[in-house]
Amino acid sequence: MNVKAKTPFVERVRFTSAKGFRMMMVASVQSMVVVSRYALLPSGEVVPAASDTSLTGSLFGKSGRIHSTATYGGFQPAR
């Protein structure tokens, strides 16, 4: 929680899986962690800044880990 800004906002959200699960009978996810970060624009709007996702599990019987990162920028007001 960022309370230093004029309007307090949530700066970081972390989602985790409470237990493993299966997807469409071909994939098994043992753990999942998603961390989303948000930024405050000079106009006072809160926008997504970045998202990190980590999945550990198996697909078609092969175990592995997937990690992805997305960053956002160049925000413009919508019409």
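The values are calculated or read from the model by the stated rules, or taken from the named source; none is laboratory data. As the structure is a computational prediction, the values presented were derived from the model and not from experiment. All Cβ positions, glycine included, derive from the backbone under ideal geometry; neighbour counts span all protein chains shown. Surface areas here come from the heavy atoms of the whole protein model, side chains and all, with no ligands, DNA or RNA. Shrake-Rupley method; radii C 1.70, N 1.55, O 1.52, S 1.80 Å.
Listed by position, the strands (runs of 3 or more DSSP E) enclosed by the chain that each have at least 3 residues that are in contact with a Lys or Arg (Cβ under 6 Å, 6 or more places away or on another chain) and modelled with pLDDT of 90 or more are 27-40, 46-59. The set of residues in the stretch 28-44 being within 27 Å of Phe9 (Cα to Cα) and surrounded by 13 or more Cβ atoms within 10 Å (Cβ to Cβ) consists of Met32, Val33, Val34, Val35, Ser36, Arg37, Tyr38, Ala39, Leu40. Within the stretch 45-79, the set of residues being within 19 Å of Phe9 (Cα to Cα), open to solvent by less than 50 Å² (accessible area, probe 1.4 Å) and among the small types (Gly, Ala, Ser) comprises Ala49, Ala50, Ser51. Checking each residue in the stretch 28-48 for being out of contact with any Ser or Thr (no Cβ under 7 Å at 6 or more places or on another chain) and small (Gly, Ala, Ser) picks out Ala39, Ser43.
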